[in-house]
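The values are calculated or read from the model by the stated rules, or taken from the named source; none is laboratory data. Remember, predicted model here, so these are calculated numbers, not experimental data. Ideal geometry is used to build each Cβ from the backbone, glycine not excepted, and the neighbour counts take in all protein chains shown.
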Amino acid sequence: MSRISRRNKLLLLKFLSLFSVVRGYNILIIVLAQYLASIFILSPDIPLRDVLFDVNLFSIVLASSLVIAGGYIINSFYDSEKDLINRPHKTRLDHMVSQNKILTLYFILNFLAVVVASSVSFFAVLFFSGYIFGIWFYSHKLKKILFLGNLTSASLALIPFFAIFIYYRNFDKVIFVHATFLGLIIIMRELIKDLENIKGDVALGYKNIPIVYGERVTKFAITFLIILTILPTYLLVTNFDVGLMRYYFYGSFFLLIIFSYWLWWSRAKMHYVLLHNILKFILVLGVFSILLIDTDLVLKRIL
């Protein structure tokens, strides 16, 4: 009985390890965001049933999830030494499954993503193949390059949403303003992660803004990005009909003001972890706030 119990415990730990490596919780949020954006922003005039049971949309979302999961794996593979310094407990959990098996899973996930994309179109195959290559090239080379690493990471984070924009051929100005706001928050998060992980980055010879220019300059850069968010926030609440979602933008900007105050008082890693979580909260809250764009439409969809 105890032997079976130990075996079940080991299987559970390996499952948790895989879930941790592929950041399953992040992928679930991205899937939800893609579907909510499709339903309430990109295709408000299409019946809910037609959106939910759109096989091509499902394939695009599934292919995105598979590529992102593979991306987390390859990123974890290249960052294993750094993560052992910055996040030793999480890294030990991630290594419950051997690196060979993890890399095999990486190739399987990417292969499946291309197969799934092929059910949509040849263009989708090219799109997701380029996405796979972009993530690998970022993990292998670009992330160590000053400035380019942060910009590339933010761009790769937006690609899953760009895929559904292309599918619906909806390129309204409001979408690009939303993307600008989102992109600024993501770049801030990347810079905070650099401050949070500076110990491991220094040990392995990474070149990023905190290492090359120091923490003070990095904090000025983040503060400048916060100031830049004023423009898309202002445009979204004044020039576009975002419904009750305007309160999300008001609340986000208020949180960013508090964030900027704490930023300048932060010194230790635990402080930067807190700041990182604030930005994650803003991003996750933004996903659910999509429902506030048109509450009448939400009720119509539900009823």
Odd one out for Leu255, checked against (1) buried (at least 20 other Cβ atoms within 10 Å of the Cβ); (2) within 30 Å of Glu215 (Cβ to Cβ): (1)
Report the residue count in segment 201-218 for those that are surrounded by fewer than 18 Cβ atoms within 10 Å (Cβ to Cβ), part of a helix (DSSP H, G or I) and touching a Leu at 6+ places or on another chain (Cβ under 8 Å). 2
Test set (1) modelled with pLDDT of 80 or more; (2) buried (at least 17 other Cβ atoms within 10 Å of the Cβ); (3) not in a helix (DSSP H, G or I) - Ile46 fails condition number: (2)
Is there a residue being modelled with pLDDT under 70 and of a type outside the set (A, V, I, L, M) anywhere in segment 19-42? yes
Please list, ordered by first then second residue, the pairs with beta carbon atoms under 6 Å, 6 or more apart or interchain, first in segment 250-272 and assigned by TED's automatic domain parsing to the domain that holds Thr223, second outside any helix (DSSP H, G or I). Tyr272/Ser266
Starting from residues that are out of contact with any Gly (no Cβ under 9 Å at 6 or more places or on another chain) and basic (Lys, Arg), keep the ones in segment 183-207 and report whichever is farthest from Leu275 (Cα to Cα). Lys199
In segment 144-158, residue surrounded by the fewest Cβ atoms within 10 Å (Cβ to Cβ) [restricted to those that are in contact (Cβ under 8 Å) with a residue 60 or more places away in the chain and assigned to a helix (DSSP H, G or I)]: Lys144
Being at pLDDT below 95 and loosely packed, with under 13 Cβ neighbours inside 10 Å narrows Ser76, Ser121, Ser98 down to just Ser98
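Confirm whether Leu66 is within 30 Å of Val242 (Cα to Cα), part of a helix (DSSP H, G or I), modelled with pLDDT of 90 or more and not small (Gly, Ala, Ser).
Numbers: within 30 Å of Val242 (Cα to Cα): no; part of a helix (DSSP H, G or I): yes; modelled with pLDDT of 90 or more: yes; not small (Gly, Ala, Ser): yes.
Spelling it out, it is not the case that Leu66 is within 30 Å of Val242 (Cα to Cα), part of a helix (DSSP H, G or I), modelled with pLDDT of 90 or more and not small (Gly, Ala, Ser).
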Being exposed (fewer than 13 other Cβ atoms within 10 Å of the Cβ), farther than 24 Å from Lys143 by Cα and not charged (D, E, K, R) is the filter here, so list the residues in segment 219-243 that pass it. Ile227, Ile230, Thr238, Asn239
Please name all residue pairs, on different chains or six or more residues apart, with Cβ atoms under 8 Å, provided the first residue is in segment 165-190 and is more than 19 Å from Thr152 (Cβ to Cβ) and the second residue is part of a loop (DSSP other than H, G, I, E, B) and among the aromatic types (Phe, Trp, Tyr). Phe165/Phe171; Lys173/Phe240; Val174/Phe240; Val177/Phe240
